Amino acid sequence: MKIKEFNWGPGLFLIIYQTLLLISLPFYFYYAPPSWGMVAVSVVLLYLTGLSITAGYHRFYSHRSYKAKPVVEAALLFFGSMAGQGSALRWSFDHRLHHAHVDTDEDPYSIKKGFWYAHFLWILEKQKKIDPKVVPDLLRNPLVQFQHKYDFLLMITTNVIAFFFVGWLLDDYVGAFFLACWTRLFALHHFTWFINSLAHTWGDRPFCQEQSAVNNYVIALLTFGEGYHNYHHTFANDYRNGIRWYHFDPTKWLIWSLNKVGLTTGLKRMDAYTIKKRMVLERQQLLLDRVCDLWYVKKDELEKTVLELSDRLVAKIAEFNKLRDDYRAARREGQERERLKEVKLELAKLKKSLKADWRLWIKLSRNILKLKPLNI
């Protein structure tokens, strides 16, 4: 990297603070080990600042996947400043470019340039000037503009507030500095950077094979639910990353909970059958490629089965969506109860048929993926 291309402010800050922390932290743990209370408070602060990035900078500002009341927005920006990841405006600008140009040279943190570049080194490069055409909505937001203008001052101020509050609360200012502020900042930075590096490296791609983004449950545990990254890159406007009830996604739970008390509205979520359709189309090509690698099976029969079943599923999903739209329109128009009941019965019948075909598709997929090419 050329000197003139080095991002001096953030670059020096990130290098110096991490180096000093790694040198001094062992001495802190040896001479003044933290109490369990300090550990608990630090974890709480880690989650408050982490969720401000995932629920705020990412899903709210970058993707507009829901609407928030001013008090929620103010809290997200307060803890977002404490997270030390720049302003919401700058963060969202870079992230929108990432989605628009993923895995290309125009991607600000492209994994194609290497794991460590995507994880950290991209921050050391001189930043692009913010293009108003990319973030016009955020440029009209006075709260976002204020935070962007006083970004560095707000980062220092919010962390000083956290330091004095935790130090006073637990009567441990040394622990407040080392654990609640310094180590928490270090952990959060790397947890967030894992989304750019690990979440484009280690995992599976059930929704989109063409991009590097992957799904990985372990990464979700470290990134406040952002580990289902292949889904996110496929359906970026969904307020969820983990779409199953058992998926670890505290960001989704926070947004949903705030919605239940009226503090967030307009939660965007992708229709379940549209998700299934995408999964079928992605898995179809994967299965056909696997069949082509096998010489000890009847390829023509397997290919025919894959194509017939996948095409049938896609057609039924399209029919189901149309029928459901017709039913909703009929209800709005106040059509006769008998007609509504008739359409509802058709929906139930089609839904049952879809479930049966979906089970067949899952079974077929597992059986084909178990087959291995024989090396001669």
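Suppose the filter is touching a Gly at 6+ places or on another chain (Cβ under 7 Å), over 16 Å from A236 (Cβ atoms) and surrounded by fewer than 19 Cβ atoms within 10 Å (Cβ to Cβ); does K67 pass it? Yes; evaluated as a whole, the condition is true for this residue.
Hey, does segment 123-135 have a residue that's assigned to a helix (DSSP H, G or I) and at pLDDT 95 or above? Checked segment 123-135: no residue is assigned to a helix (DSSP H, G or I) and at pLDDT 95 or above.
Examine segment 45-53 for a residue that is free of Cβ contacts under 8 Å to residues at least 60 places away in the same chain and open to solvent by 10 Å² or more (accessible area, probe 1.4 Å), and state whether such a residue exists.
Of the residues in segment 45-53, the ones free of Cβ contacts under 8 Å to residues at least 60 places away in the same chain are 48, 52.
Those still in the list that are open to solvent by 10 Å² or more (accessible area, probe 1.4 Å) too: 48.
Yes; the residues of segment 45-53 include at least one that is free of Cβ contacts under 8 Å to residues at least 60 places away in the same chain and open to solvent by 10 Å² or more (accessible area, probe 1.4 Å).
For beta carbons closer than 6 Å, sequence separation of 6+ or different chains, a first residue in segment 242-259 that is farther than 19 Å from D204 by Cα and a second that is open to solvent by 30 Å² or more (accessible area, probe 1.4 Å), the qualifying pairs are N259/L267.
Applying the criterion of being in a loop (DSSP other than H, G, I, E, B) and among the small types (G, A, S) to the residues of segment 223-266, the residue that is nearest to V102 (Cα to Cα) is A236.
Considering the conditions (1) open to solvent by 40 Å² or more (accessible area, probe 1.4 Å); (2) in a helix (DSSP H, G or I); (3) under 22 Å from G114 (Cα atoms), W182 is excluded by exactly one of them, (3). Determine, yes or no, whether F29 is more than 31 Å from the chain's Cα centre (by Cα) and either assigned to a helix (DSSP H, G or I) or on the phi > 0 side of the Ramachandran plot (or both). It is true that F29 is more than 31 Å from the chain's Cα centre (by Cα) and either assigned to a helix (DSSP H, G or I) or on the phi > 0 side of the Ramachandran plot (or both). Taking the conditions (1) aliphatic (A, V, I, L, M); (2) open to solvent by less than 10 Å² (accessible area, probe 1.4 Å); (3) farther than 20 Å from D137 by Cβ in turn, V41 satisfies each one other than (2). Kindly indicate the residue of segment 50-81 that is aromatic (F, W, Y) and over 16 Å from W256 (Cα atoms) and also farthest from the chain's Cα centre (by Cα) among those meeting that condition. Result: F78. Being within 29 Å of S212 (Cα to Cα), buried (at least 18 other Cβ atoms within 10 Å of the Cβ) and not β-branched (V, I, T) is the filter here, so list the residues in segment 283-329 that pass it. R283, Q284, L287, R290, L302, L309, S310, L313 - these are the residues of segment 283-329 that are within 29 Å of S212 (Cα to Cα), buried (at least 18 other Cβ atoms within 10 Å of the Cβ) and not β-branched (V, I, T).
Could you check segment 211-234 and list, in sequence order, the residues that are within 12 Å of R59 (Cβ to Cβ) and either in the same structural domain as G50 (by the TED database) or without any contact (Cβ under 8 Å) to a residue 60 or more places away in the chain (or both)? Give the steps one after another, and end with the answer.
Taking segment 211-234 first, the residues within 12 Å of R59 (Cβ to Cβ) are 224-226, 232.
Scanning segment 211-234 gives a single hit, H232.
Within segment 52-74, work out how many residues are more than 15 Å from N241 (Cα to Cα) and in a helix (DSSP H, G or I).
Step one: list which residues in segment 52-74 are more than 15 Å from N241 (Cα to Cα), which gives 52, 61, 67-74.
Now restrict to residues that are in a helix (DSSP H, G or I): 52, 61, 70-74.
Of the residues in segment 52-74, 7 are more than 15 Å from N241 (Cα to Cα) and in a helix (DSSP H, G or I).
Table: residues versus (1) within 30 Å of T234 (Cβ to Cβ); (2) surrounded by 16 or more Cβ atoms within 10 Å (Cβ to Cβ); (3) modelled with pLDDT under 95.
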site: H98; (1), (2), (3): yes, yes, no
site: H101; (1), (2), (3): yes, no, yes
site: F120; (1), (2), (3): yes, yes, yes
site: L138; (1), (2), (3): yes, yes, no
site: L143; (1), (2), (3): no, no, no
site: Y150; (1), (2), (3): no, no, no
site: T158; (1), (2), (3): no, yes, no
site: A162; (1), (2), (3): no, yes, no
site: G167; (1), (2), (3): no, yes, no
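Taking the condition in a helix (DSSP H, G or I) and modelled with pLDDT of 90 or more, does R312 pass?
Details: in a helix (DSSP H, G or I): yes; modelled with pLDDT of 90 or more: yes.
Yes, satisfied.
Among the residues of segment 75-105 satisfying the criterion of being part of a helix (DSSP H, G or I) and of a type in the set (S, T, N, Q), which is nearest to N159 (Cα to Cα)?
Ranking the candidates gives S81 first.
The values are calculated or read from the model by the stated rules, or taken from the named source; none is laboratory data. Predicted model, so just to flag it, every value in this text is computed and none were measured. In this analysis, Cβ positions are derived from the backbone assuming ideal geometry, glycine residues included, and neighbour counts consider all displayed protein chains. Keep in mind that these areas ignore ligands, DNA and RNA; they rest on the heavy atoms of the full protein, side chains included. Shrake-Rupley method; radii C 1.70, N 1.55, O 1.52, S 1.80 Å.
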